[in-house]
Structures are given as structure tokens and as C-alpha cells.
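Here is the structure we will look at.
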Amino acid sequence: MFSTKVLQQRIADAFSTTRFVREPERLYEPIAYALDLGGKRLRPVLVLLSCDLFGGNIEEAVFPAMGVEIFHNFTLLHDDIMDNALLRRGRETVFQKWDENTAILSGDTMFVIAYEYVAKTDPALLPQVLGLFNDTARMVCEGQQYDMNFETQSSISLSDYMMMIRLKTAVLVACSLKLGAILAKADPADAEKIYEFGIELGLAFQLQDDFLDAFGDTAKFGKAIGGDITTNKKTFLYLKAFEQAKGDILINLTNYFFSNEISGSQKVNGIIDIYRKLKINEITSREIEYHYRKALGILQSFGFNPVRTSEMVGLMEEMLGRES
């Protein structure tokens, strides 16, 4: 079994030795810039881990894994425009550094490049691989649209929200794992099971991100606390708070979120204080734990020797900020 660190380095090496800049430079330079921003490369590592877990050759999975990562970064390029985000991983976003039109066109080109890399696989497996990738790309776009719809809808249920993050976040995690299984020629039932494992892991991962926005450590989280609160984003915490709040607490919660006279740190601190009173931190932690345990149960159901799954479990814990 390969360690996660070895697989992360293999992906890093693959990107560092690939030249993404060509003519016209203004189209391709932003692509190289976006991919150079790095990150943990979780999704391509999941492809390789899954491939290794099912006894495949990870070298045959490197290009498709890169394709998944390029696709993920394409979505970030366009998300930053939609969210008017100024920074990504501590550096200017592409549309800020260049302009919106450049970011849109470069993002579209990244989508094409992602397809090229995903298609660099065993021709016998190509229909399965492209079918999975196409379904995933469509669902991610659907999830993003639901997320934007929620911005202007006053009545959003928790089930609506869980459906949205399943599409926007979890399906790409699940796709990465199933892709690795397909490339390893795993049994179709096992490939489907590892996909469901990925869905549960992806849901826990997004809920953890929601949690950290309010209750995280800025130094560890990598961005300022309260970004979702500032923008009135309808996260799990937001929806659960409005579900739980009654009387004066509900009035105060509504004022903090919607009053034009309250902003900045006063708004963030006030809402976090209400979250604590309503025990939203505890409720969210339990929800994260529920999906983590579900994912772990699916992984254990394969019956692998725990040594074979130790790296996958370790990466799960890293994704969810657990101390191993």
C-alpha cells in the first residue's frame, strides 16, 4: 500500500512536470496560475488511494486523477466570479488578477483539458470513466445552481440543503473514489459501494467546512471566521438555528442576519453567540459524526485488512480535522 504522502507527492510531481502555458498566453497563463495555487489535492489522491486499495496500478490512474483535479479547479475559477471572491488560497483570484471574461474563458478551457486527462485511460474502460465523469460534472453544476437559488429563497429546508451539498461537494469526492475503483477493474458492486462511501465522506467534509466557518481556528482554517455569516449564506448552521430558535432568540437571530445597522464583527460575534446558546455547534458536530461513522462503516464492510485501509482512514481524519 502507498502512503498518502507518497501519493500526494506523485500528484504534485505530475503537475510540476506538466506545462499548461501555450498560445494565446492570456488564455493559458491563468490556467497555470490557478493550478499552481496548489491546495491539498485531496480528490486526485482519493483516486490513487482507491485504485491502490482495489489492487490497481496507480500509474494508470495518474492522468485521470489530474483530470479530476483540473475539473475541480475549473469549478473554483467560476465559483470565485459568482461569489465575487477576492482571494483563493491566499492569492488573488483569477478574475481579480486578470478580468471576468478571461476567467470565464480560461475556466471553460480547463474543463476541456480536464476531459483530455480523464480520457487518458484504458480504452476498454473509457465508456465507464467518461459516463461517471459526465454525470458528476452535470451534478456539480446542478448543485451550484441550487446554491445560487437558495440565496434568494426565503424557505429552505435542511433536506434541501443536504441535497445541494451532495451535488455540489460530495459527488466529486465520490466520483474520485469510484474512478480509482474502475481503473483498478474492481467489481462493479464494490465500485458502487466505494462511491456511497465517498458521498458520506463528502457530506461530512462540507458540514465540517460549515462548522469551521463559525467555530474554527483562523490559523488552521486558512481564512477569516464568519464569512458565511457575513454573506447570510444558508448553511447547515444557519438553517438549524432558525429551526431551533424561538421567542426573543429568534427575533435577535433575525435582526443580526437581516438588519442593515449590524455588520462586521458585531454581526459575526452576535450570531456565533446565539449559535452557542442554541447548541448549534454540538448539533452540527453530531451530524458530522453521523456521516463520518456511516462512511467508516461502508469502508469496513469491504472486509479489507485494516492495514490496507489505514491510509484511507487517515485521509478521512485529515479531511475532517481530526487528531489521529
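Provide Rg and Dmax in Å for region 164-239, with only Cα atoms included in the calculation.
15.5, 47
Using +1 at the C-beta of Lys and Arg and -1 at the C-beta of Asp and Glu, which of MET163, LEU105, LEU203 has the Cα lying farthest in the positive direction of the dipole of the chain?
LEU203
Spelling out what I want: for every residue of region 2-16, take phi, set θ = phi - 60°, compute 6.51 cos²θ - 1.76 cosθ + 1.60 (Karplus), and round to whole Hz; glycine and proline get x.
Each residue's phi maps through the Karplus curve to give 7, 7, 4, 4, 5, 5, 4, 5, 4, 5, 4, 5, 4, 6, 5 Hz.
In whole Hz and in residue order, list the ³J(HN,Hα) couplings for region 291-307 that follow from phi through the Karplus curve 6.51 cos²θ - 1.76 cosθ + 1.60, θ = phi - 60°; x for Gly and Pro.
6, 4, 5, 5, 4, 4, x, 5, 4, 5, 5, 5, x, 5, 4, x, 4
For the charge dipole of region 1-186, defined by +1 on Lys and Arg C-beta atoms and -1 on Asp and Glu C-beta atoms about the Cα centroid, which residue among THR75, VAL129, LEU86 has the Cα displaced farthest towards the positive pole?
VAL129
Does region 71-143 classify as rounded, prolate or oblate by the C-alpha gyration tensor (a ≥ b ≥ c root eigenvalues; a/c under 1.5 gives rounded; else a/b over b/c gives prolate, otherwise oblate)?
Here region 71-143 falls in the prolate category.
Could you give me D for region 189-324, from Stokes-Einstein at 20 °C and 1.002 mPa s, where the hydrodynamic radius is the Kirkwood radius over C-alpha pairs? Units µm² s⁻¹, please.
Answer, rounded: 131 µm²/s.
Using only Cα atoms, tell me the angle between helix 247-258 and the longest principal axis of the chain; keep it within 0 to 90° and round to the nearest 10.
60
Kindly list the residues of region 45-76 that lie in the label zone of THR17, defined by a backbone N under 18 Å from the point 7 Å along the Cα-to-C-beta vector.
Within reach of a label on THR17: 45, 48, 57-67.
Hand me the trypsin sites (Lys or Arg not before Pro) from region 138-201 located in a DSSP loop with no more than 13 other Cβ atoms within 10 Å, in residue order please.
Passing sites in region 138-201 do not exist.
If you average the alpha carbon positions of region 237-269 and of region 117-154, how far apart do those two centres end up, in angstrom?
35
Looking at the chain, which longest stretch skips every one of the GluC sites (Glu not before Pro) that is in a DSSP loop with at most 10 other Cβ atoms within 10 Å, leaving the sites themselves out?
Longest stretch, sites excluded: 1-260.
If you line up the long axis of helix 171-183 against the longest principal axis of the chain, both from Cα atoms, how many degrees apart are they, to the nearest 10?
Tilt of helix 171-183: around 10 degrees.
Taking region 48-126, which trypsin sites (Lys or Arg not before Pro) meet the DSSP loop condition and have no more than 16 other C-beta atoms within 10 Å?
Hits after loop and neighbour filter: ARG89, LYS120.
Amide H of ARG88 versus every other amide H placed in the peptide plane: which residues, excluding those fewer than 5 positions away on the same chain, fall under 5 Å?
THR93
If I take every Cα pair under 8 Å that is 6 or more residues apart in the chain, average their sequence separation and divide by the length, what percent do I get for the relative contact order?
In percent, rounded to a whole number, it is 17.
Starting from the Cα of ASP190, move 7 Å in the Cα-to-Cβ direction to define the label point; list residues of region 291-314 whose amide nitrogen is under 17 Å from there.
Answer for this model: 298-313.
Can you check how the C-alpha radius of gyration of the chain compares to 2.2 N^0.38 Å, as a plain ratio?
Working it through for the chain, the quotient is 1.03.
For ASN281 and PHE304, what does the FRET efficiency come to when R0 = 35 Å and r is the distance between their Cβ atoms, rounded to the nearest 0.05?
0.55
Taking region 1-30, which trypsin sites (Lys or Arg not before Pro) meet the DSSP loop condition and have no more than 11 other C-beta atoms within 10 Å?
Taking region 1-30 and a limit of 11 other Cβ atoms within 10 Å, the loop trypsin sites (Lys or Arg not before Pro) found are ARG19, ARG22.
Throughout, read-outs are computed from the coordinates displayed, never taken from laboratory work. Keep in mind it's a predicted model, so treat the numbers as computed, not measured. Positions of Cβ are generated from backbone atoms using ideal geometry, with glycine treated the same way; all protein chains shown enter the neighbour counts.
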